[in-house]
Amino acid sequence: MSNSQLSAQKFDKLGTSIVRRANNDGSINIIAPFIKTLSNSIDGLNLRDEARKEKPMMIADIAHYLCVAHGKHPGIIEHAMSKIVEDCSREWLVRAADGFTRERIYLTELTVVAGPITRISGQDETDMLIVNQSKHYKMLASSDRKGCSIGAAAAFIMDWHHIRHLMDILALQLNITVPSNTLPAADETARMINEYATSENITRAINFGADQILSQQRAFWNLIKARATSRNAA
C-alpha cells in the first residue's frame, strides 16, 4: 500500500473517531442520572418524596440553562458556518443549521412550560459561568485555525443527539409534543469529517475543536449536577 493510500485510510477513520468520542466523552454519562430519574416517573415507578419534589426543579434547571447556553442565535453552528467555505461541508452545515433552528424553538417551548428555576446559594456564580461558557463555544466555533470550527460543530451535533433524548423525556413530563429530530446523523457527520480532513494539520485542528467542545459540554452538565446536589443537601 502506498504512502498516499495509508494517509487516506488514516483520515477516513477520523469521522468515526469523532462520533465515538461524542458518544463516550460528552454529555452522555453525566446526564444519565437525570434520564434515569425522569424516565422512572414516566414509567410509573414510585419515587421517594425527595425525588418527587426534586423533579420539577430538575426539569426547570435543565431547560433553563440549556436555553441560556444554546438557545440564542447565532450559536455554534452559525459561528462555524461563518468560517467554513469548503464545499464538502456545506450541505452538512446547512442541514445542521436548519435542524438546530428547530431545536431552539423546541428548547424555548420546554423552558417556558417548565417555569422558573429555584434560586439557591451560588446562583449568581453559576449564571456567570454558563454565560462565560457561551463565549468559549463561540471562540472554538469561529476559530481561524482550519479544522477547529468543523470539529467543534460536528462534535456538538453528535453530543446534542444525547441531549435531545433528555429533552424528549422533559417534553413527556410537561405534556409537550416531541418534534422530529432533523439534525445530521452519525454516518453523515463521519463522512463529512472524512472528506474535510485532508492533512495532518487539519486533522489535529478537528480533533482539538471536537475535544474542547465535549469538555465544555461536560463542564456545563457538571454545573447542573452541582445545583441538584446542592438542593438535596439543603
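K225: which lysines have alpha carbons under 26 Å from its alpha carbon, excluding same-chain residues fewer than 8 sequence positions away? Candidates past the 8-residue exclusion: K36, K53, K55, K72, K135, K138. Under 26 Å of direct C-alpha separation, and excluding same-chain neighbours fewer than eight residues apart, K13 reaches these lysines: K83, K146. Using Cβ point charges alone (K and R +1, D and E -1), the dipole size of region 105-208 about the Cα centre works out to roughly 200 debye. Here the chain is treated with +1 on each Lys and Arg Cβ and -1 on each Asp and Glu Cβ, and its dipole about the Cα centre works out to around 360 debye.
Give me the distance in nm between label points sitting 7 Å out from Cα along the Cα-to-Cβ direction at A219 and N132, one decimal. In this crude spin-label approximation the distance works out to 0.8 nm.
With the highest mean first, a sort of the peptides 152-160, 216-224 on other beta-carbon atoms found within 10 angstrom per residue produces 152-160, 216-224. Using the Cβ-Cβ distance between V94 and I35 with R0 set to 35 Å, the FRET efficiency works out to roughly 0.70. Using a cutoff of 8 angstrom between alpha carbon atoms and counting only pairs six or more residues apart, the relative contact order for the chain works out to 38 percent.
Placing a label point 7 Å from the Cα of T177 along the Cα-to-Cβ direction, the residues of region 87-103 whose backbone N falls under 17 Å from that point are 102-103. Helix 14-25 against the longest principal axis of the chain: what's the angle in degrees, Cα atoms only, rounded to the nearest 10? With rounding to tens, the tilt is 20 degrees. Full extension of the segment from E109 to D187, taken as 0.36 nm per residue of separation minus the current Cα-Cα distance, would add 25.1 nm.
Of the residues I117, S143, H64, the one whose Cα sits farthest toward the positive end of the charge dipole of the chain, with +1 on the Cβ of Lys and Arg and -1 on the Cβ of Asp and Glu, is I117. Applying 1/(1 + (r/R0)^6) with r as the Cβ-Cβ distance of D124 and R20 and R0 = 41 angstrom yields a FRET efficiency of 0.65.
Any read-out appearing in this document is the output of simple, stated calculations on the displayed coordinates, not a laboratory observation. Given the structure is predicted, the values throughout are model-derived calculations rather than measurements. A quick note on method: Cβ atoms are made from the backbone with ideal geometry, for glycine too, and the neighbour counts reach across all protein chains shown.
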